[in-house]
Amino acid sequence: MGKVKMSKKSTSIDMTAMCDVAFLLLTFFILTATAKVPEPLPVDTPSSTVQTKLPETGLVTITVGKSEGKEQVFFGMKDRAIRSGALEYMSSKYKVDFTDKEKTEFELMDEFGVPVEGLKQLLAMKGSDRAKKGVQPGMPCDSINNQLQDWIQGARKANIENGGTKELQFAIKGDAKEEYPQIKRVMDILQDQKINSFNLVTGLRGKDY
Amino acid sequence: MAELNTGEGGGKKGSGKVRSKKSNAKVDLTAMVDLAFLLITFFMLTTSLSKPQSMDLGLPDKDDKDEPQKDVKVDQRRTMTIIMGDNDKIKWFHGLLESPEPNGKPTDAVYGRNGLRKEILKRVVSVPQVTGNKDKGLIVIIKPSKKSTYRNLVDVLDEMAICKVPTYAIVNDITPDEMKLVDEMNK
C-alpha cells in the first residue's frame, strides 16, 4: 500500500505582525492619554446619571471641600492664557508684583488655594510639595476678603482680552459631604457676577439607581 | 521574523565529533502580545472614563434689591415641595402646606427609585391631567435646609433629570411653618 504522508503542520502562528500592531496601538494610547494631575484638594464628588461632559478649554473649576476640619475653596483655570491674564489682574489689584519666572511657573499650575499674598511662596515650592497637606490654606472668600470673586473677575476679563468668543464656563466641584450653605456661598459669589448657569461636577452612577 | 538563528551547528570542530545542539531560538511572542493588549485595553478604558461628568444647572437671575418684588402666582395643584433635612432625610408635600392636595400631605421619603422617584413620576403624569393643559406640568420646589449636604442636592437634581420634570427651582428661603417640618424631621 502507498503510504500517505501527512504533512506535519506547525501549530505555532507567527505573532510578529500582531505584536507590532498591538504595540503601535499601545503607543498611541499612551501618548494621547492625559496624565492625571495630582489634586491639592481631593474631593469625593457625588454621582449622578446625567452624562454631560465638561469642556476641555474655557473652563474654571471651583473646588469646595474639607481638609483638616476646615472648609476650603480652591480655584483652577484650564487655559494658560487665562491664567496669566488673571494673575496680571490680581497683581495690579492687590499690589503684589510677580517676576517673569513666577509668572511662567503660575501658568503651569492647575489648581491652587492660597491668598494672593501667599502665592509667591507657593510658586517657589516644588510641584510635588504643593499638593502636600496643610500647605495651601484655601482661597479666602468671605465678605471681608473676597479674593475668589476677584479671581473670577480676572479670569473673565482675561477671557475677553484673549478674544474668546465663548463665554467662560464655571464648574463647581464639591465634596459630597459638604453642607449645602458652603456650596450656596460659592453659588452666590458666582451669581453676584451674573453667572447664573454653571456645571456641577459629578461622578458616574449606575443605570439601576 | 522572530527567529534568531544562532549559527548552524558550528560545523565540524577538529577531529572529535562534537555535535553541538541545534538551538532554534524562536521567541514565543504570545505572552508579549497578551501584555500589549492588556495595556491597550487599560489605556483605552481610562482615557474615555477619566473625563469628569457634569450636570448643568441654571439659576434664575438674582433680583436686585431696589426692584419691587413681583410674586408670580402659580397654581397650587402644580407645585410639589421637597425639603431636605440632615442625615439624608427628606420630606415632600404637594400643594400648599396648609391645604395639601389629595395624597399630598407632608410625608417622609427616601432617595432613590423606590422612594422619591415614585412620587415624582406619579405627579409628572397626573398634574397635566388635573390642569387639563399639557404645558402646565409639575413644578418642583427644592428647598435644601442648612443641614442638608451637597450630595442630597445633586441627588434631587438628578431625580429631576431622570423623571423629566418640566420645571424645578431651588428655593432658599424656608418659611417658619416649613422650618417646623425640618425640625420634626431632624429629630
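Just so it is clear, none of the values below were taken in a lab; they were calculated from the coordinates. Since we're looking at a predicted model, the values are computed, not measured. Using ideal geometry, Cβ is built from the backbone for each residue, glycine included, and neighbour counts are taken over all protein chains shown.
Dimensions of the stretch A:116-209 along principal axes (Cα, Å, largest first)?
Sorted from largest, the Cα extents of the stretch A:116-209 read 48, 35, 28 Å.
If you take each beta carbon of peptide B:27-37 and count the beta carbons of other chains within 10 angstrom, what is the mean?
So the per-residue partner count for this stretch is 5.
Let me know the Rg and Dmax you get for the stretch B:86-166 when you use only its Cα atoms, in Å.
12.8, 38
Per residue of A:19-32, count partner chain C-beta atoms within 10 Å of its C-beta, then hand back the mean as an integer.
Per residue, the number of nearby Cβ atoms from other chains is 5 on average.
Shape call for the stretch B:44-187 from the C-alpha gyration tensor, a ≥ b ≥ c root eigenvalues: rounded (a/c under 1.5), prolate (a/b greater than b/c) or oblate?
Rounded, since a/c falls under 1.5.
Which of B:Lys73/B:Lys143; A:Lys66/A:Lys132; B:Lys146/B:Lys187; A:Lys103/A:Lys166; B:Lys91/B:Lys134 have a Cα-Cα distance over 23 Å?
Distance filter (> 23 Å) returns A:Lys103/A:Lys166; B:Lys91/B:Lys134.
Put one equal scatterer on each alpha carbon of the protein assembly as shown, apply the Debye formula with no solvent term, and list log10 I(q)/I(0) at q = 0.11 1/Å to two decimals.
Evaluating at q = 0.11 Å⁻¹ gives log10 I(q)/I(0) of -0.93.
Quick one: A:Ser48, A:Ser91, fewest Cβ neighbours within 10 Å first, how do they rank?
A:Ser91, A:Ser48
Nearest 20 debye, what's the magnitude of the dipole of chain A about its Cα centre given +1 on Lys and Arg Cβ and -1 on Asp and Glu Cβ?
1100 debye
Counting Lys and Arg as +1 and Asp and Glu as -1, what is the net charge of the other residues whose Cβ lies under 14 Å from the Cβ of A:Asn146?
Net charge in that neighbourhood comes out at -2.
Over all distinct Cα pairs, what is the inverse of the mean 1/r for the stretch A:47-204, reported as the Kirkwood hydrodynamic radius in Å?
16.1 Å
Ignoring everything except DSSP H segments at least 4 long, calculate the 222 nm mean residue ellipticity for chain A; use -39,500 (n - 2.57) per segment, divide by total residues, nearest 500.
Helix contribution divided over all residues of chain A: -11000 deg cm²/dmol.
Relative contact order for the stretch B:52-170 using alpha-carbon pairs under 8 Å, separation at least 6, rounded to a whole percent?
Across the stretch B:52-170, relative contact order equals 26 percent.
As I understand it, the dipole of the protein assembly as shown uses +1 on the Cβ of Lys and Arg and -1 on the Cβ of Asp and Glu, about the Cα centre. Which of A:Leu26, B:Ser145, B:Val74 lies farthest toward its positive end?
Ranked along the dipole, the leading option is A:Leu26.
Residue by residue through B:142-154, how many Cβ atoms from other chains fall within 10 Å of the Cβ on average?
6
Could you work out the local net charge near A:Asp175, counting Lys and Arg as +1, Asp and Glu as -1, over the other residues with Cβ closer than 11 Å to its Cβ?
Residues near A:Asp175 contribute 0 overall.
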